[in-house]
Amino acid sequence: DGRSIGVLFQFSSLSFCIGFCWIAFANVPSVARSLFPSLTDEVLAWTLNANNCAQVLSTPYAIWLLRRPIRVIGRPRTGLRPSMRLAALAQALQSGLWGAAALMPDEARSSSHVLVMIMIGACLGGVACALTQGLITRLSATWFSPSARGLATSLALASQYAGFAASYCASLLVCTESTLRIQLIAQAVVAVALLVVVLALFPEAPQGSSGSGS
């Protein structure tokens, strides 16, 4: 129904945004160094690795969030809403840090403080990824009938990879530090908008559901 499609659209949009932001610097290393002079190849590599390391470290918490014991008898709990809210928050913080770094004056963008902002942002992106990737099968099982779950799961899983592909295509247009700055600011605006939508609209479970979602 329409509500299930809305849930899938919110998830896919957030997952797409996570994929799009992950390799924002890696696709255009020379332009990234122009915008952030301290962002050497080694630091850039560690930025990407920080994302992966944070994803691995936060995966146990993401699993617990989905499978934690029910504390309110009879109240439907799937773990979808808190996981989505935290993922959207982490992604908004990542994009916000990177956008803020891009807006700093020239001298500030050469400092180590900006590298810390970039690295923390990368870690937050990894947390967002861990929280969303574990939701895919739970989301399709909770919100879609057995006949529709295959398609729903496929769309949800493909959304982050679509973000990777879109980021690569967008990088073909990023030729100067000003265009990279615009991209980072636009990412922040979109991520904050998604956070607002998820906080306001993303539900825990379909109406009438009484299961735990385990």
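The values are calculated or read from the model by the stated rules, or taken from the named source; none is laboratory data. Just so we're clear, the structure is a prediction, and the values are computed from it rather than from any experiment. We place every Cβ from the backbone using ideal geometry, glycine too, and count neighbours over all the protein chains shown. Remember, those area values only see protein heavy atoms, side chains included, never the ligands or the DNA or RNA. Shrake-Rupley method; radii C 1.70, N 1.55, O 1.52, S 1.80 Å.
Quick notes on this one:
- Unmet criterion (only one of (1) out of contact with any Pro (no Cβ under 7 Å at 6 or more places or on another chain); (2) open to solvent by 10 Å² or more (accessible area, probe 1.4 Å)) for L80: (2)
- Some residue of the stretch 34-49 being open to solvent by 50 Å² or more (accessible area, probe 1.4 Å), under 18 Å from V127 (Cα atoms) and modelled with pLDDT of 95 or more: no
- Looking only at residues in the stretch 83-115 that are open to solvent by 70 Å² or more (accessible area, probe 1.4 Å) and at pLDDT below 95, the one that is nearest to the chain's Cα centre (by Cα) is L103.
- Inside the stretch 169-184, residues that are assigned to a helix (DSSP H, G or I) and in contact with a Ser or Thr (Cβ under 9 Å, 6 or more places away or on another chain) make up a count of 4.
- Options F9, F20, F16; residue that is at pLDDT 90 or above, among the aromatic types (F, W, Y), under 12 Å from the mean Cα position of the chain (by Cα) and open to solvent by 70 Å² or more (accessible area, probe 1.4 Å): F16
- Condition met for A128 (at pLDDT below 95 and either touching a Pro at 6+ places or on another chain (Cβ under 7 Å) or open to solvent by less than 10 Å² (accessible area, probe 1.4 Å) (or both)): no
- Within the option set A193, A188, A165, being in a helix (DSSP H, G or I), modelled with pLDDT under 95 and open to solvent by less than 70 Å² (accessible area, probe 1.4 Å) holds for one residue only, A165.
- Number of the exception - L135 against (1) more than 14 Å from the chain's Cα centre (by Cα); (2) under 25 Å from L195 (Cα atoms): (1)
- Scanning the stretch 58-70 for residues that are outside any helix (DSSP H, G or I) and either more than 20 Å from R81 (Cβ to Cβ) or of a type outside the set (V, I, T) (or both) yields R68, P69.
- The number of residues in the stretch 1-57 being acidic (D, E) and outside any helix (DSSP H, G or I) comes to 1.
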